């Protein structure tokens, strides 16, 4: 069985390896980038949202600065990244602009996808770019790395971005056309694997080492990315990107490996909210807010009656109903002081009180988990 056409997916994250974008002698591969952007524009015209995780800043900066193939010191890698990021962002902006598409560069670290407040900020920025019909171009912020820079981490970073943004497809474009039973460069009998239903120990053992001199990422990081993505309900494809129009090539049936998403995805982020964090405060809500939460809506300031605790934006708070029972937990969008000021206010009344345009949701539904036992009781009561 083959995957659905890419255009049928709602939100697609495309990860691009350094060797696809950068030639060690001539620099940026403009023709290849132009062809890829044509594919992205076609998907956007079909209604899909495309996010790009683009490697290549260090590789491109190394070429621009004439640093050759020698091993770089940390500060040299950071300098190469600084030069390469400017060139790379400009190239993406120019090529996307040819198709009437806007772009926005976002430089992140793994910490930005894992620490609560930075996670929320990164997700909010990317979400806003998508709402504005701009293509987010995301890369690891190698200019400020304080440990050894590993180019291959963008496979895992792409998976984390995909799960953070609720993407339903992750495409890893690389210099290998899919998963094999053994590294094909070493084993001529290696068998190609077209579909992976689940990443088992047997599949995991098939991972090989990096094949590219410009990228330290190999099949190991790609399978790690697959575990992150598929467990969260995101399908994944590994395919060769070293051909023109690599995304449309997938739909033409050219070789790729499709990883099925889990039929019972684990919402790790929401599990983290519900069970692993001690609430930093409490929001007491009225019965109308209870009903809104039960129907899957966000918690608006208007439904909040009392605020207690000394919390900051991004902290976990408990949400309690009129009877004092905890009905949900979530990540609060305001510091405690501001939450006290706007509790009970309608959305239009918030900005005049705070002095700035702010979110209408005290806790957004994407950052909220209802208590299962309470939900069962509430649903039973509503049904009666």
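Of all residues in region 65-78 being crowded, with 16+ Cβ neighbours inside 10 Å and in contact (Cβ under 8 Å) with a residue 24 or more places away in the chain, which is nearest to residue 142 (Cα to Cα)? In this case the residue turns out to be 78. When region 352-366 is filtered for residues that are at pLDDT 90 or above and outside any loop (DSSP other than H, G, I, E, B), the ones remaining, listed by number, are 352, 353, 354, 361, 362, 363. Take residue 85 and decide whether it is touching a residue at least 40 places away in the same chain (Cβ under 8 Å), over 19 Å from residue 137 (Cβ atoms), outside the structural domain of residue 367 (by TED's automatic domain parsing) and crowded, with 16+ Cβ neighbours inside 10 Å. Considered against the rule, which asks whether it is touching a residue at least 40 places away in the same chain (Cβ under 8 Å), over 19 Å from residue 137 (Cβ atoms), outside the structural domain of residue 367 (by TED's automatic domain parsing) and crowded, with 16+ Cβ neighbours inside 10 Å, residue 85 comes out as no. Quick one: is residue 202 part of a loop (DSSP other than H, G, I, E, B), surrounded by fewer than 22 Cβ atoms within 10 Å (Cβ to Cβ) and modelled with pLDDT under 90? It is false that residue 202 is part of a loop (DSSP other than H, G, I, E, B), surrounded by fewer than 22 Cβ atoms within 10 Å (Cβ to Cβ) and modelled with pLDDT under 90. Just one of (1) more than 18 Å from residue 136 (Cα to Cα); (2) touching a helix residue (DSSP H, G or I) at 6+ places or on another chain (Cβ under 8 Å) fails for residue 36. It is (1). Could you figure out which of (1) more than 22 Å from the chain's Cα centre (by Cα); (2) buried (at least 18 other Cβ atoms within 10 Å of the Cβ) isn't true of residue 24? Residue 24 satisfies every listed condition except (2). Looking only at residues of region 165-199 that are crowded, with 22+ Cβ neighbours inside 10 Å and not in a loop (DSSP other than H, G, I, E, B), we find that the one that is farthest from the chain's Cα centre (by Cα) is 179. Scanning region 224-254 for residues that are farther than 21 Å from residue 11 by Cα and touching a strand residue (DSSP E or B) at 6+ places or on another chain (Cβ under 9 Å) yields a total of 2.
Looking at region 38-57, can you tell me whether even one residue there is over 29 Å from residue 253 (Cα atoms), assigned to a helix (DSSP H, G or I) and assigned by TED's automatic domain parsing to the domain that holds residue 140? Yes, some residue in region 38-57 is over 29 Å from residue 253 (Cα atoms), assigned to a helix (DSSP H, G or I) and assigned by TED's automatic domain parsing to the domain that holds residue 140. Pick from region 241-260 the residues that are in a strand (DSSP E or B) and touching a helix residue (DSSP H, G or I) at 6+ places or on another chain (Cβ under 7 Å): which of them is surrounded by the fewest Cβ atoms within 10 Å (Cβ to Cβ)? So the residue we want is 256.
Here residue 145 fits the description: at pLDDT below 85 and assigned by TED's automatic domain parsing to the domain that holds residue 206. When every residue of region 149-159 is checked against the conditions, at least one turns out to be modelled with pLDDT of 90 or more and either over 20 Å from residue 253 (Cα atoms) or exposed (fewer than 15 other Cβ atoms within 10 Å of the Cβ) (or both).
Which of the residues that make up region 312-328 are over 14 Å from residue 290 (Cβ atoms) and crowded, with 22+ Cβ neighbours inside 10 Å?
316, 317 - these are the residues of region 312-328 that are over 14 Å from residue 290 (Cβ atoms) and crowded, with 22+ Cβ neighbours inside 10 Å.
Within region 166-186, the set of residues being in contact with a helix residue (DSSP H, G or I) (Cβ under 8 Å, 6 or more places away or on another chain), modelled with pLDDT of 90 or more and farther than 16 Å from residue 224 by Cα comprises 167 only.
The listed residues are 120, 107, and the only one of them that is touching a strand residue (DSSP E or B) at 6+ places or on another chain (Cβ under 7 Å), assigned to a helix (DSSP H, G or I) and in the same structural domain as residue 155 (by TED's automatic domain parsing) turns out to be 120. Please tell me if residue 17 is crowded, with 18+ Cβ neighbours inside 10 Å, in the same structural domain as residue 259 (by TED's automatic domain parsing), closer than 18 Å to residue 244 by Cα and in contact with a helix residue (DSSP H, G or I) (Cβ under 9 Å, 6 or more places away or on another chain). So residue 17 passes the test. Residues that are part of a helix (DSSP H, G or I) and modelled with pLDDT under 85 within region 65-74 comprise just one, 74.
The values are calculated or read from the model by the stated rules, or taken from the named source; none is laboratory data. Predicted, not measured: the structure shown is a model, and the values here were computed from it. We place every Cβ from the backbone using ideal geometry, glycine too, and count neighbours over all the protein chains shown.
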